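Since the structure comes first, as structure tokens, the remarks are kept for the end.
Read-outs throughout are calculated quantities, based only on the coordinates presented, and are distinct from any laboratory measurement. Treat the numbers as computed from the prediction; the structure is a model and nothing was measured. Every residue, glycine among them, receives a Cβ derived from its backbone with ideal geometry; neighbour counts consider all protein chains shown.
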């Protein structure tokens with residue numbers, strides 16, 4: 001199964017709150033798990049990524065938590081700001097037959113109210 | 001600029017016409033990807049080029065879709081006999097051999113295709 005399931009589809013948070021986005025996968029061949037941020041009219045940009053042998057990675061206000069046994073990973077945005085309002089995509093990297101590609105979730109539209 | 005450049009940024013066409021979308025990757029990036037993003041949906045993999053290796057075309061939805069890349073430079077995505085369901089933003093991304101292994105792709109701003 002080359003799917004990554006992402007939830008929720010949309011999320012509204014007050015300024016200063018914590019935003020949490022969850023993803024789940026089935027294929028154990030996935031070998032890297034990045035998160036992308038996309039603003040309207042722009043292409044997605046890498047936000048943060050984690051290897052499957054690490055349970056947590058933090059960069060500033062952004063943290064990825066990874067549960068390998070449950071095949072789940074999540075993005076936490078601490079002290080959410082209106083400038084964080086964007087669509088967030090989780091993804092999983094897979095290498096098959098010499099081809100390396102990212103499989104993306106369907107995205108979460110985050111709105112941070114001032 | 002030094003980023004991935006795509007053209008046209010917007011294209012409106014009539015059903016049945018052919019369209020060509022262009023991607024200029026970041027200089028030195030050997031890997032190039034095309035993804036499709038339908039309204040409110042995730043990114044759907046279309047095709048992957050890596051250097052002079054045979055491309056991975058496994059994501060192309062039908063034989064109306066094709067793509068070419070000359071060496072490690074420009075790529076064109078061609079959609080023949082366009083259908084309304086082809087309406088989407090077509091995103092191109094490039095990456096280096098090292099960065100793609102950690103899931104880091106560099107995306108352009110996309111070409112928005114509308115088929116009337």
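One table, with the values for the structure above:
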{"quantity": "Wholly enclosed strands (runs of 3 or more DSSP E) of region B:54-104 bearing at least 1 residues closer than 21 Å to residue A:96 by Cα", "calculated": "B:65-69, B:88-95"}
{"quantity": "Single unsatisfied condition, residue A:87 versus (1) within 14 Å of chain B (Cβ to nearest Cβ); (2) in a strand (DSSP E or B); (3) over 30 Å from residue B:47 (Cβ atoms)", "calculated": "(3)"}
{"quantity": "Candidates A:103, A:112 - the one that is at the interface with chain B (Cβ under 9 Å from one of its Cβ atoms) and buried (at least 19 other Cβ atoms within 10 Å of the Cβ)", "calculated": "A:103"}
{"quantity": "Which listed residue is in contact (Cβ under 8 Å) with a residue 12 or more places away in the chain, within 14 Å of the chain's Cα centre (by Cα) and either within 14 Å of chain B (Cβ to nearest Cβ) or not in a loop (DSSP other than H, G, I, E, B) (or both), from A:12, A:21", "calculated": "A:21"}
{"quantity": "Condition broken by residue A:94, with the remaining ones in (1) within 14 Å of chain B (Cβ to nearest Cβ); (2) closer than 30 Å to residue B:55 by Cα; (3) in a loop (DSSP other than H, G, I, E, B) satisfied", "calculated": "(3)"}
{"quantity": "Number of the exception - residue A:39 against (1) in contact with a helix residue (DSSP H, G or I) (Cβ under 8 Å, 6 or more places away or on another chain); (2) loosely packed, with under 13 Cβ neighbours inside 10 Å", "calculated": "(1)"}
{"quantity": "Exclusive hit being farther than 19 Å from residue A:98 by Cα and either surrounded by 16 or more Cβ atoms within 10 Å (Cβ to Cβ) or free of Cβ contacts under 8 Å to residues at least 24 places away in the same chain (or both), set B:39, B:32, B:116, B:43", "calculated": "B:43"}
